[in-house]
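Notes for the one structure printed next.
The values are calculated or read from the model by the stated rules, or taken from the named source; none is laboratory data. Bear in mind that the values here come from a model prediction, so they are computed numbers and not experimental data. Cβ placement follows ideal geometry from the backbone for every residue including glycine, while neighbour counts extend to all protein chains displayed.
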Amino acid sequence: MATLTTKLTLTSSTAMSDALNVSVTDILTTANPTEFSRKSIATGSAQSVIASNSSFSYVYLKNISSSNAAAWLQVKLGGDAKMRLDVGEFAIFPLYSSQAITMEAQTAACVVEYGYWTKA
């Protein structure tokens, strides 16, 4: 078993009428299988990033493209479009087992950095 430490900090003095200052940390216990990689995603058809996770997982996705700032990734969970990741944006989320993640680049090809870790 291994652990992942996640931390999210949200701060702003202009996004709301009151100042925003939220910081959350969690330590996640994980087991095999795990994966961390990068993949080029083309425009025109959805491409598999995670074919199907075998059990409840923690997933990380980031659009690391640098050649076209207007390019973005459409993220599909179980075949339905659920997220949009512009260049530089990321997502970390828990995912039920037996779910596939596919992506399709919009405007231009994109590179996604992704990882998943099985919940212990």
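Take the residues of the range 84-105 that are buried (at least 16 other Cβ atoms within 10 Å of the Cβ) and farther than 26 Å from ASN32 by Cα: which is nearest to the chain's Cα centre (by Cα)?
Once the filter is applied, the top-ranked residue is LEU85.
Scan the range 4-46 residue by residue and report those that are surrounded by 11 or more Cβ atoms within 10 Å (Cβ to Cβ), in contact with an Asp or Glu (Cβ under 7 Å, 6 or more places away or on another chain) and among the small types (Gly, Ala, Ser).
Within the range 4-46, ALA46 is the sole residue that qualifies.
Okay, residues lined up against (1) in a strand (DSSP E or B); (2) closer than 27 Å to THR29 by Cα; (3) free of Cβ contacts under 8 Å to residues at least 12 places away in the same chain; (4) touching an Asp or Glu at 6+ places or on another chain (Cβ under 6 Å):
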{"position": "SER66", "(1), (2), (3), (4)": "no, no, no, no"}
{"position": "VAL75", "(1), (2), (3), (4)": "yes, yes, no, no"}
{"position": "ARG84", "(1), (2), (3), (4)": "yes, no, no, no"}
{"position": "ALA105", "(1), (2), (3), (4)": "yes, no, no, no"}
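How about the range 41-80: which of its residues are within 14 Å of GLU104 (Cα to Cα), modelled with pLDDT of 90 or more and among the small types (Gly, Ala, Ser)?
Across the range 41-80, the qualifying residues are ALA42, SER48, SER65, ALA71.
Keeping to the range 9-54, report how many residues are without any contact (Cβ under 8 Å) to a residue 24 or more places away in the chain and within 30 Å of ASN68 (Cβ to Cβ).
6
Please state which one of TYR60, TYR96 is more than 23 Å from LYS7 (Cβ to Cβ) and among the aromatic types (Phe, Trp, Tyr).
Result: TYR96 is the single residue among TYR60, TYR96 that is more than 23 Å from LYS7 (Cβ to Cβ) and among the aromatic types (Phe, Trp, Tyr).
Filter the range 47-66 down to the residues that are exposed (fewer than 15 other Cβ atoms within 10 Å of the Cβ), closer than 23 Å to ASP80 by Cβ and among the small types (Gly, Ala, Ser) and list them by number.
SER48, ALA51, SER52, SER54, SER55
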